[in-house]
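Scroll down for the structure; my scribbles are underneath it.
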Amino acid sequence: MKKLRSGYTTGACSAVAAKAATLLLLTGRVQESVEIPFPDGSRVAFQIVDSNLLTGKTQVAMAAVIKDAGDDPDVTNGARIEAAVRFGRKESPAGELFKIIGGKGVGTVTKRGLAIPVGEPAINPVPRKMIREAVSEAILESGKEHDLPLDITISIPDGEKLAEKTLNHRLGIVGGLSVLGTTGIVRPVSADAWTATIATSMDVAKEAGLEEIILSTGRTSERVVQEFLKLPEEAQVMMGDYLHFSLVEANKHKFTKIHLSAMWAKVMKCGMQIPQTHVRNGALEISAALEFLKTIGCSAELISSLEGSNTAREIYGRLLDSGEELIIARVCDAARQYARRVSGLDVTIYLVDAKACVVYQTQEDK
């Protein structure tokens, strides 16, 4: 199998652009490439795709890079990341020399619970640190003594449009993308990115004062149950395939109730106690599924009729055709028992079908 290629975060790209723009401002020289330090101590050189120096009443230097996310399916892969640097008039409120500003396409934080205060540009702490370190290096490399404050504006020209493909609006980031990264490196199909988003979503829900959350595996199951329950938007947590992580994280956040919404294959995997429900990590073997169905009361005759099934969906269809709603209910109840055991919280399972309807909801214990 081909080894997947790593790439670089929007935070790393912002730091690169900021360093190139600072060098242009201080030396007047256009940079074809610049090298920046990463949090792990390594260094990487990046190509600068565009730069210019605007002279006039105030000099402003701009530099741009194109984000390469490697083989990760990142919506920002190929995006243009820009930094504009100018001499500032006063130090930032924290008394720092470098004021980091969100420009076009960089979102603004509007909800509590994120790593950045409300009202600030959505540029996370590690990217801010990388930007400051890169600009500090540029000052040293310029060979010029400099103690004037600098205003550093990070922009992503297509950021607002790209943000529509993300969960930013739910997290309270409006007007564009968030500048992310904890290592500067994008790992292909990163579990860390998913789990970080899950945890952050729960942070936002908790800060909003919510005690109940909706864990869903996809857009359809999320939308259906949200319309059914009418909970605030902050209650929605897209867990994807990270079932076990999400259940444990909900306990850590001290929620009192989980509404878990999924389609048949995911509910069945939950009942079978498969902690990560993506086929890559927890493929549903039909033989294992049939063994599970035996344990919850499927007759030998019914099991025999299901043996030719190729997918979980086919099993579901055959159960419906056979009028075996009781077995379907038992699968959902088994999923509830597993989710309750892992999370330690009250859980309701909502089974959603392909027509976007809730076809079964587990009941509270009597």
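Please treat every number below as a calculation from the coordinates, not as lab data. What you see is a predicted model, and the numbers here were worked out from it, not measured in a lab. All Cβ positions, even for glycine, are placed from backbone atoms using ideal geometry, and neighbour counts span all protein chains on display.
Across every pair of different alpha-carbon atoms, what Kirkwood hydrodynamic radius in Å does segment 91-199 reach?
15.1
Run the quick spin-label model on Gln59 and Lys254: label points 7 Å from Cα toward the beta carbon, then report their separation in nm to one decimal.
Output for this residue pair reads 5.4 nm.
Helix 243-252 against the longest principal axis of the chain: what's the angle in degrees, Cα atoms only, rounded to the nearest 10?
The helix 243-252 is inclined about 70 degrees to the chain.
Roughly speaking, what is the stretch gain from Gln363 to Thr27, that is 0.36 nm per residue apart minus the C-alpha to C-alpha distance, in nm to one decimal?
So the chain would gain 114.0 nm between Gln363 and Thr27.
With both partners inside segment 7-186, how many of the DSSP beta bridges are antiparallel, as a percent to the nearest 5?
80
I'd like the FRET efficiency for Glu35 and Glu145, computed as 1/(1 + (r/R0)^6) with the beta carbon distance as r and R0 of 22 Å, rounded to 0.05.
0.50
Which angle from 0 to 90°, rounded to the nearest 10, does the C-alpha axis of helix 125-142 make with the longest principal axis of the chain?
So the helix axis and the longest Cα principal axis differ by about 20 degrees.
For the chain, give the share of DSSP beta bridges that are antiparallel, in percent and rounded to the nearest 5; count only bridges with both residues there.
If we restrict to bridges inside the chain, about 60 percent are antiparallel.
With each pseudo-label sitting 7 Å past Cα toward Cβ, what's the Leu167-Arg223 distance in nm, one decimal?
Computed distance between label sites Leu167 and Arg223 equals 1.7 nm.
Write down Rg/Rh for the chain, rounded to two decimals, with Rg from the C-alpha atoms and Rh from the Kirkwood relation over Cα pairs.
1.10
Just to compare against my own numbers: the Cα pair-distance distribution for segment 191-361, 10 Å bins, whole % per bin, please.
Percent of pairs per bin, in order: 10, 41, 34, 13, 3, 0.
Tell me the angle of helix 312-321 to the major Cα principal axis of the chain, expressed in degrees between 0 and 90 and rounded to the nearest ten.
Relative to the chain, helix 312-321 is tipped by roughly 40 degrees.
Which lysines have a Cα less than 26 Å from the Cα of Lys57, not counting those fewer than 8 places away in the same chain?
Lys19, Lys90, Lys99, Lys104, Lys144
Neighbour counts of other C-beta atoms within 10 Å: give me Arg170, Arg112 arranged from fewest to most.
Ranked by crowding around the Cβ, least crowded first: Arg112, Arg170.
Antiparallel as a % of all DSSP beta bridges within segment 191-361, to the nearest 5?
Around 20 percent antiparallel, to the nearest 5.
Within 10 Å, count the other beta carbons around each residue, average over each peptide in 26-35, 97-106, and list them highest first.
Order by mean packing, descending: 97-106, 26-35.
Beyond 17 Å, how much of the Cα-Cα pair distribution for segment 4-88 remains, as a whole percent?
Pairs farther apart than 17 Å: 46 percent.
Which value in deg cm²/dmol, rounded to the nearest 500, describes the helix-derived mean residue ellipticity at 222 nm for the chain, given -39,500 (n - 2.57) per DSSP H run of n ≥ 4 and division by the residue count?
It comes out at -11500 deg cm²/dmol, rounded to the nearest 500.
Evaluate the distance, in nm, between pseudo-label points positioned 7 Å from the Cα of Lys355 and of Thr195 along their respective Cα→Cβ axes.
Those two pseudo-labels are separated by 4.0 nm.
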